[in-house]
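Engineer: Pasting a structure below so you can have a look.
None of the figures in this text is laboratory data; all of them are computed from the coordinates on show. Computed from a predicted structure; not experimentally measured. Cβ atoms come from the backbone with ideal geometry, glycine included; neighbour counts cover every protein chain shown.
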Amino acid sequence: MDHFTGAHDVATILQPDIPVALNRPHLVRAAARFFVSRFPGDILYAVKANPSPWVLQALWDEGVRMFDVASVNECALVRGLFPQAELAFMHPVKSRQAIARAYREHGVRIFALDTLDELEKIRAATDGAQDLTLVVRLRVSNDMAGLKLEAKFGTFGAEAETLLRATRQAARTMGVSFHVGSQCMDPRAWRTAMREASDLLVQAAVVVDIVDVGGGFPSRYPGMNPPPMQTFIDEIERVFDAMPVPMNCRLWAEPGRALVAEATSILARVDLVKGDALYLNDGSYGNLFDATHVKWRYPVRLVRTDGAAPSARVKGFRIYGPTCDSMDTAEGPFELPVDIREGDYVEFGMLGAYGVAMATRFNGYGESLDVSVAEMPCASMFPPVAAPVAAGAVRGGTPLKQR
């Protein structure tokens, strides 16, 4: 990737006709360093959040050796980069073919499940392999999450007890996992979930080798200001120490968003201004999926390349993407200068997670350019780090403002 000081340099020098992902590998490394050094267990990166090779390399460089994969393609991606990585197929529902390929072609030995049918599929697809680690996905409350995920996966109640016993009999190594929901703002969510898991283990009378507290660790977005990340880790460690598990039980976590959200912003060009609507060359079928469908308000700023100072007055705009689909809309409102015009650029911060990973090729759009920048995007959940110097850059930058 070419390296720049910041968004203004990218827009001025390149005059890009397609959206640009402004990547900050040093921020991925900082987040990974924090989790690896402070979490009292193993970190599995949830590849779905951002599968870019530069992300995976930055994580590996900081000691992340386990990866939460959800497809055979993700297995192949990580295994191709890091032959020694430990892969965990944590999607609770997989085809028999996917299980067999993951096991035989990519060396996967860790599989998640949430039904007896899935347990039978895993055993059959691996020919009753004796070297499996099976992790039962439990359903827990998502009441404290910004994006609830409890409806699709997870077992609970009497069915969970039955599945826990059956899995214990089938697996040499067994664990339990759960997900408190994406962008979980309160550390107490993990306390509640871990106590629910403890009750089920006691009721089922099984001993587990692994407790996987899943993902959900938050990032900072406008209007979302979670407590310090260390608070979440401290709460998990306290509750884990009290769980009815053996002393050698392993503790896992699967952060995705928290590791990469801060590391990328998206630079999109304004192609038309119509009243309070901005028509951009990026949208819901590109890098702005969460801004449109999840309706989160990302930090934004105007980037202008002709030297004219923008108005100090701002107003709320909605965003339309480049496709012909009217659903390609983000209501916002996104506060930007009132005199924003065609040819200006808008930088959307905090899109390292579920930005480029969600882009499609609908209507022939979806292409993005990758560059790296030194500029810091906004407030961080992690200790400050020194940004690399941008060789050859001609202008500095300023942080994105959270409005």
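Engineer: For the range 25-260, what proportion of DSSP beta bridges, expressed in % and rounded to the nearest 5, is antiparallel?
Structural biologist: The answer is about 10 percent antiparallel.
Engineer: Let me ask you something else. Restricting things to alpha carbons, find the Rg to Rh ratio for the range 216-259 using the Kirkwood radius for Rh.
Structural biologist: Rg divided by Rh gives 1.07.
Engineer: Cα-based count: Lys pairs in the chain below 20 Å, eight or more positions apart or different chains?
Structural biologist: The result is 12.
Engineer: Amide H of Val135: which non-local residues (sequence gap of 5 or more, or other chain) have their own amide H closer than 5 Å, using H built in the peptide plane?
Structural biologist: Excluding prolines and chain starts, which carry no amide H, the hits are Phe111, Ala112, Leu113, Gly175.
Engineer: Amide H of Phe4: which non-local residues (sequence gap of 5 or more, or other chain) have their own amide H closer than 5 Å, using H built in the peptide plane?
Structural biologist: The answer is Ser372, Val373, Ala374.
Engineer: Another question, then. Once both axes come from the Cα atoms, what is the angle between helix 116-125 and the longest principal axis of the chain, in degrees from 0 to 90, rounded to 10?
Structural biologist: 90
Engineer: By average Cβ neighbour count within 10 Å, what is the ranking of 355-361, 246-252, 343-349, 275-281 from highest down?
Structural biologist: 343-349, 355-361, 275-281, 246-252
Engineer: Here's another thing I want to ask about it. Which of rounded, prolate or oblate describes the range 25-260 when judged by the alpha-carbon gyration tensor and an a/c cut-off of 1.5?
Structural biologist: Working: a/c = 1.69, a/b = 1.11, b/c = 1.52.
Oblate is the answer for the range 25-260, as a/c is 1.5 or above yet b/c matches or exceeds a/b.
Engineer: Kindly write out, for the range 265-277 in residue order, the coupling ³J(HN,Hα) from the Karplus curve 6.51 cos²θ - 1.76 cosθ + 1.60 (θ = phi - 60°), rounded to whole Hz, with x marking Gly and Pro.
Structural biologist: Per residue, the Karplus-derived 3J(HN,Hα) values read 10, 10, 9, 10, 8, 7, 9, 6, 10, 10, x, 9, 10 Hz.
Engineer: Same structure, new question: Projecting each Cα onto the charge dipole of the range 25-260 (Lys/Arg +1, Asp/Glu -1 at the beta carbon, about the Cα centre), which of Gln130, Phe111, Val28 comes out farthest on the positive side?
Structural biologist: Projecting each Cα onto the dipole axis, the largest value belongs to Val28.
Engineer: Another one. Quick one: dipole size for the range 1-130, taken about the Cα centre, charges +1 on Lys/Arg Cβ and -1 on Asp/Glu Cβ, in debye to the nearest 20.
Structural biologist: Using only the charged Cβ atoms, the result is roughly 260 debye.
Engineer: OK, next. Roughly how big is the chain's charge dipole about its Cα centre, with Cβ charges of +1 (Lys, Arg) and -1 (Asp, Glu), in debye to the nearest 20?
Structural biologist: In total the dipole reaches around 280 debye.
Engineer: First select every other residue whose beta carbon is under 11 angstrom from the beta carbon of Ala170; then total the charges, Lys and Arg +1, Asp and Glu -1.
Structural biologist: Details: positive: Arg123, Arg165, Arg168, Arg172; negative: Glu120.
The answer is +3.
Engineer: If you don't mind, another one. Whole-Hz ³J(HN,Hα) for each residue in the range 46-54, computed from phi via Karplus 6.51 cos²θ - 1.76 cosθ + 1.60 with θ = phi - 60°, x for glycine and proline: what do you get?
Structural biologist: With coefficients 6.51, -1.76 and 1.60, one gets 7, 4, 4, 4, 6, x, 4, x, 5 Hz.
Engineer: When the label point is put 7 Å from the Cα of Arg65 along its Cα-to-beta-carbon vector, which residues of the range 88-112 have a backbone N closer than 20 Å?
Structural biologist: Of the residues in the range 88-112, 88-90, 106-111 have backbone N under 20 Å from the label point off Arg65.
Engineer: I would also like to ask the following. So I have [x] 23, 50, 24, 3, 0; [y] 26, 58, 16, 0; [z] 27, 53, 19, 1, and one of them is P(r) over Cα pairs in 20 Å bins from 0, in percent calculated from this model. Which one is it?
Structural biologist: The value computed from this structure is option [z].
Engineer: Going by how many other Cβ atoms sit within 10 Å of their own, how do Asp271, Asp131, Asp68, Asp290 line up, fewest first?
Structural biologist: Asp131, Asp271, Asp290, Asp68
Engineer: With axes computed from alpha carbons, what is the tilt in degrees of helix 96-106 against the longest principal axis of the chain, rounded to the nearest 10 within 0 to 90?
Structural biologist: With both axes taken from Cα atoms, the answer is about 80 degrees.
Engineer: Once Lys and Arg get +1 and Asp and Glu get -1 on their Cβ, which of Phe67, Gly80, Ala98 lies farthest toward the positive end of the dipole of the range 58-103?
Structural biologist: Final value for the positive-end residue is Ala98.
Engineer: What FRET efficiency do you get for Ser95 and Thr305 if R0 is 45 Å and r is their Cβ-Cβ distance, rounded to the nearest 0.05? Intermediate values should be presented prior to the final figure.
Structural biologist: Numbers: r = 49 Å, r/R0 = 1.09.
The computed FRET efficiency comes out at 0.35.
Engineer: Using amide H atoms built in the peptide plane, which far-off residues or other-chain residues are under 5 Å from Gly283 H to H?
Structural biologist: Leu288
Engineer: So for Leu302, Leu44, Leu116, fewest C-beta neighbours within 10 Å to most, what's the order?
Structural biologist: Arranged by neighbour count, lowest to highest, Leu302, Leu44, Leu116 become Leu116, Leu302, Leu44.
Engineer: Per DSSP helix of 4 or more residues, -39500 (n - 2.57); summed, then divided by the residues of the chain. What does that give at 222 nm, rounded to the nearest 500?
Structural biologist: When only DSSP H runs of four or more count, the value is -8500 deg cm²/dmol.
Engineer: Tell me, what HN-Hα J-couplings in whole Hz come from the Karplus equation 6.51 cos²θ - 1.76 cosθ + 1.60 at θ = phi - 60° for each residue of the range 205-221, using x for Gly and Pro?
Structural biologist: 6, 10, 10, 10, 9, 9, 10, 10, 8, x, x, x, 4, x, 10, 9, 10
Engineer: Calculate, for Ala76 and Asp131, the FRET efficiency according to 1/(1 + (r/R0)^6) with r their C-beta to C-beta distance and R0 35 Å; round to the nearest 0.05. Could the numbers behind the result be given before it?
Structural biologist: On the way: r = 21 Å, r/R0 = 0.59.
My answer for the efficiency is 0.95.
Engineer: Still on this structure, I have one more. Let me spell out the model: positive unit charges on the Cβ of Lys and Arg, negative unit charges on the Cβ of Asp and Glu, origin at the Cα centre of the range 226-270. What dipole size does that give, in debye rounded to 20?
Structural biologist: Here the size comes out at about 260 debye.
Engineer: Taking every DSSP beta bridge that has both residues in the chain, what percent is antiparallel when rounded to the nearest 5? Intermediate values should be presented prior to the final figure.
Structural biologist: Values: 25 of 62 bridges.
Roughly 40 percent of the beta bridges in the chain run antiparallel, per DSSP.
Engineer: Can you tell me the FRET efficiency between Cys249 and His293 if r is taken as the Cβ-Cβ distance and R0 is 45 Å, rounded to the nearest 0.05?
Structural biologist: Efficiency at R0 = 45 Å is approximately 0.75.
Engineer: Also, I was wondering about something else. If each residue's Cβ is checked for other Cβ atoms within 10 Å, how do Met194, Met1, Met66 rank with the fewest at the top?
Structural biologist: On the way: Met194 23, Met1 13, Met66 17.
Lowest to highest Cβ neighbour count: Met1, Met66, Met194.
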